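Notes follow once the structure below has been shown.
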Amino acid sequence: MTHKTVDPRHLLSLAYYSMALSSIFLPEGTIALVFETHKTIDRDELYEKGRVLTDVFIMESQYPQMDFSEHGFEQRICFFKSQNLLQANEDGKLSVVQTPEAETLLEFFVSITQPILDTYLIMLLTIEHLHDKPIVIPVRKLIKEMHTSIKELCYDEQLPHLHSCLKVTIVTALRRFE
């Protein structure tokens, strides 16, 4: 076990401080999430998938002017290239550089964005399940039940991050899909 996982309080304090970082690095995190799925991808496809994810998470950002335009995307790609995380292949596709440093940086961006993605996916599954059912659930009760359910998923080791259960993220996800 590493130093940070020996005591759960270490993980909780890291999680607490990472939530502020996750909204700041959301565009970078979305690009990292795409690269986690596709180790090699065409630049246009990466842009489109990153833009779609960033648009879904737009309400999570502390900065309403979060720039995922073509220019902002190019700046992020240049950042990843300058950190030796990405390389352009001879066929013009981008791929993750296979070094421990690149994998660590990619893992960092994925891990600060993953709890938000997990919360949003669970909220979408919940909305899909409740859709067209003849039931009425008060929003406060739904949020409380979602919070409890996500905690249970973490305790059952179905979700890796306990801070996926933050009520503010649950509320934001619900409002985003409203």
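No lab work stands behind these numbers, since they all come straight from the coordinates. Model, not experiment: these values are computed from the prediction. Positions of Cβ are backbone-derived with ideal geometry, glycine not excepted, and every protein chain shown enters the neighbour counts.
Set against the 2.2 N^0.38 Å expectation for a compact globular protein, the stretch 3-177 has a Cα radius of gyration ratio of 1.12. Label-to-label distance, Thr40 versus Phe108, with points set 7 angstrom from Cα along the beta-carbon direction: 2.7 nm.
Judged by the gyration tensor of its Cα atoms, with axes a ≥ b ≥ c, the stretch 96-176 is prolate; a/c meets the 1.5 cut and a/b is the larger of a/b and b/c. Using R0 = 41 Å, the C-beta based FRET efficiency linking Glu70 and His147 works out to 0.60. Length gained on full extension, Phe177 to Ile24, computed as 0.36 nm times the residue gap minus the Cα-Cα distance: 52.9 nm. Estimated from the Cβ-Cβ distance and a Förster radius of 25 angstrom, the FRET efficiency linking Ile137 and Val52 is about 0.30. Taking the centroid of alpha carbons for each part, the stretch 97-121 and the stretch 135-154 are 26 Å apart.
Along the Cα-to-C-beta direction of Lys167, a point sits 7 Å from the Cα; which residues of the stretch 137-160 have their amide N less than 12 Å from that point? In the stretch 137-160, the label zone of Lys167 (backbone N under 12 Å from the point 7 Å along Cα→Cβ) covers 140-148. Projected label points at Leu130 and Lys81, each 7 Å from Cα along the beta carbon direction, are separated by 4.5 nanometres.
A straight Cα-to-Cα reach below 29 Å connects Lys93 with the lysines Lys39, Lys49, Lys81, residues fewer than 8 places away in its own chain not being considered.
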